[in-house]
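First the structure, in the form of structure tokens, and then the observations on it.
The values are calculated or read from the model by the stated rules, or taken from the named source; none is laboratory data. Being a predicted model, the structure only gives us computed values, none of them experimental. Note that we place each Cβ from the backbone using ideal geometry, even for glycine, and neighbour counts take in every protein chain shown.
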Amino acid sequence: MLGAQASAAYTRYMKSFDTAIPEHFGSSIGDAYKSSPDMNGGN
């Protein structure tokens with residue numbers, strides 16, 4: 001069983017997924033995929 005502080009931290013962590021990431025942050029994963037020749041079939 002977790003302690004009180006760990007339980008509170010875990011609750012905050014899980015609650016963080018309730019909020020969507022704003023569009024203005026963009027997507028570094030999508031950008032990296034587009035620019036990587038290895039991930040685009042060697043293009």
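Kindly establish whether A32 is at pLDDT 90 or above and surrounded by 10 or more Cβ atoms within 10 Å (Cβ to Cβ). Even if it seems obvious, please write down each step before you answer.
Details: at pLDDT 90 or above: no; surrounded by 10 or more Cβ atoms within 10 Å (Cβ to Cβ): yes.
No, not satisfied.
A20: of a type in the set (G, A, S), more than 16 Å from the chain's Cα centre (by Cα) and at pLDDT 85 or above, yes or no? Can you show your working first?
On the way: of a type in the set (G, A, S): yes; more than 16 Å from the chain's Cα centre (by Cα): no; at pLDDT 85 or above: yes.
Spelling it out, it is not the case that A20 is of a type in the set (G, A, S), more than 16 Å from the chain's Cα centre (by Cα) and at pLDDT 85 or above.
Considering the range 11-29 alone, what residues qualify as being β-branched (V, I, T) and outside any helix (DSSP H, G or I)? Full working, then the answer.
Here is the first cut: in the range 11-29, the ones β-branched (V, I, T) are 11, 19, 21, 29.
Answer for the range 11-29, where residues must be β-branched (V, I, T) and outside any helix (DSSP H, G or I): T19, I21.
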